[in-house]
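This report refers to the structure that appears directly beneath it.
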Amino acid sequence: MTDVSFDVELDTSGLNCPMPLVKARQKMNELGAGQVLKVVSTDRGSIKDFQGWAKIAKNIELLAQEEHGAAGHRRFLHFVQKG
């Protein structure tokens, strides 16, 4: 388990692609430079979505990703920092 501190948590559980990413992008607009957003998702596709976003966005850094839980109850955590 990664020990990443964060400023804001966004729970997108139950939302499917691309909504976890869409909601995260909206929330990032509310954060200041250097702040970290923790996104909780149940969508396996969010792993690659957040990786792709971090590669193309100039003001976003993907600090860590984690996977927790058993099949059917998985949670994917994404820690994104605004530049």
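Of Leu63, Leu21, Leu31, all but one fail to be in contact with a helix residue (DSSP H, G or I) (Cβ under 8 Å, 6 or more places away or on another chain), modelled with pLDDT of 95 or more and surrounded by 12 or more Cβ atoms within 10 Å (Cβ to Cβ); the exception is Leu21.
Residue count for the range 34-47 under the criterion of being in a strand (DSSP E or B) and open to solvent by 20 Å² or more (accessible area, probe 1.4 Å): the result is 1. Only one entry of Phe6, Phe50 meets the criterion of being in a loop (DSSP other than H, G, I, E, B), of a type in the set (A, V, I, L, M, F, W, C), surrounded by 14 or more Cβ atoms within 10 Å (Cβ to Cβ) and out of contact with any helix residue (DSSP H, G or I) (no Cβ under 6 Å at 6 or more places or on another chain), and that entry is Phe6.
Is there a residue in the range 11-30 that is within 10 Å of the chain's Cα centre (by Cα) and assigned to a strand (DSSP E or B)? Yes, the range 11-30 has at least one match.
Note on the range 66-83: among residues that are open to solvent by 70 Å² or more (accessible area, probe 1.4 Å) and among the charged types (D, E, K, R), the one that is farthest from Gly34 (Cα to Cα) is Arg74. Inside the range 3-18, residues that are charged (D, E, K, R), modelled with pLDDT of 95 or more and farther than 14 Å from Thr42 by Cα make up a count of 2.
The values are calculated or read from the model by the stated rules, or taken from the named source; none is laboratory data. Predicted model, so just to flag it, every value in this text is computed and none were measured. Neighbour counts run over all protein chains shown; Cβ positions are idealised from the backbone, glycine included. The protein model used for the area step is the full one, side chains on, heavy atoms only, and it has no ligands, DNA or RNA in it. Shrake-Rupley method; radii C 1.70, N 1.55, O 1.52, S 1.80 Å.
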